[in-house]
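Presented below is the structure to which this report refers.
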Amino acid sequence: NVNSTGDGDADGNGNADGNADSSSIYVTGSKDKLIRIFHSTTHALIHTLEGHDNAVTSLSWLPCGDGGIGIGGHGWILISGSWDGTAKLWYIPHTVTVATSMDTALCRCIATLPGHENTVSVVGLPSDPSNSNITRLATGSAGIAQGNVISEHKIRLWEITLTPLTTLTPTNNNKSAPTASVQLKNTVGNDHNGPIRGVAYDALSSMLLSCSNDGTVKVRDAHSGEAIATLSFHTGGGQPPMLLHV
């Protein structure tokens, strides 16, 4: 099983990784636009996901059902963010660790979240406690350069409705991938004074967090995205530090 608290992080080279426990998989994203799935014990490359048009900069697992990550015990949903201005949802079946052509063929993009401003950061949020097929995620965008000013950096809250694995056919050995419908629920723009570089979810406080080039972390309501507190960091040199991950 994938760790339900696993999320993505990106370094200065645009590489990203998603956490999984020692019995399953881990994933990486890189400047070559690809997401790679590795076996966490043997570290063998299992499969490669293609679909982004620019570097993959952020990865997170999408919690589904009872706070866990997965669709009815059948697979995981991975979220990716990219310099191409999109976030994508990917289905990865649990049986992918077998690495058969049948199982890797089921690894696919099931939704694209377009319209972001430049680089996209992603994080999965807890699912609806009354309906495990409805879950949420947050994205942050780095904004658009207009002269010497970066503007239009935004936090977006999305609701994802997943169709359970009910379509069974003999040709795929009674296996299928879920489908996903995506709805943008709320947008909060320009409350940082610089590009948004990372988003995270704190399960203890049930708060959404974002960090920025402006040297601040904003603590947000996880449903509306509105900031309720700002943490400022100072280096003493006059310029605030660039916070690349939270």
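Selection of the range 208-229 for residues being open to solvent by 70 Å² or more (accessible area, probe 1.4 Å) and either of a type in the set (Gly, Ala, Ser) or part of a strand (DSSP E or B) (or both) yields only Ile228. Scanning the range 113-134 for residues that are touching a residue at least 60 places away in the same chain (Cβ under 8 Å) and surrounded by fewer than 24 Cβ atoms within 10 Å (Cβ to Cβ) turns up Leu113, Asn118, Leu125, Pro126, Ser127, Ser132, Asn133. Return yes or no: is Ser22 modelled with pLDDT under 90 and either assigned to a strand (DSSP E or B) or open to solvent by 40 Å² or more (accessible area, probe 1.4 Å) (or both)? It is true that Ser22 is modelled with pLDDT under 90 and either assigned to a strand (DSSP E or B) or open to solvent by 40 Å² or more (accessible area, probe 1.4 Å) (or both).
Just checking, does the range 193-207 include any residue being closer than 20 Å to Thr135 by Cα, among the acidic types (Asp, Glu) and in a loop (DSSP other than H, G, I, E, B)? Within the range 193-207, none of the residues are closer than 20 Å to Thr135 by Cα, among the acidic types (Asp, Glu) and in a loop (DSSP other than H, G, I, E, B). Hey, can you tell me all the residues within the range 135-149 that are open to solvent by 10 Å² or more (accessible area, probe 1.4 Å) and either touching an Asp or Glu at 6+ places or on another chain (Cβ under 8 Å) or aliphatic (A, V, I, L, M) (or both)? Once the filter is applied, which keeps residues that are open to solvent by 10 Å² or more (accessible area, probe 1.4 Å) and either touching an Asp or Glu at 6+ places or on another chain (Cβ under 8 Å) or aliphatic (A, V, I, L, M) (or both), the range 135-149 yields Arg136, Ile144, Ala145, Val149.
Taking (1) at pLDDT below 85; (2) farther than 20 Å from Asn131 by Cβ; (3) open to solvent by less than 60 Å² (accessible area, probe 1.4 Å) in turn, Pro164 satisfies each apart from (2).
To keep it simple, each residue is scored yes or no on (1) modelled with pLDDT under 90; (2) outside any strand (DSSP E or B); (3) over 15 Å from the mean Cα position of the chain (by Cα).
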residue	(1), (2), (3)
Asn1	yes, yes, yes
Thr5	yes, yes, no
Gly8	yes, no, no
Asp17	yes, no, no
Thr42	yes, yes, yes
Asn54	no, yes, yes
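Glu152 falls short on exactly one of the conditions (1) farther than 22 Å from Lys33 by Cβ; (2) charged (D, E, K, R); (3) surrounded by 21 or more Cβ atoms within 10 Å (Cβ to Cβ), and that condition is (3).
The values are calculated or read from the model by the stated rules, or taken from the named source; none is laboratory data. Everything numeric in this text was worked out from a predicted model, so none of it was measured. FYI the Cβ positions are ideal-geometry reconstructions off the backbone, even for glycines, and counts take in every protein chain you see. SASA here: full protein model, heavy atoms, side chains in, ligands and nucleic acids out. Shrake-Rupley method; radii C 1.70, N 1.55, O 1.52, S 1.80 Å.
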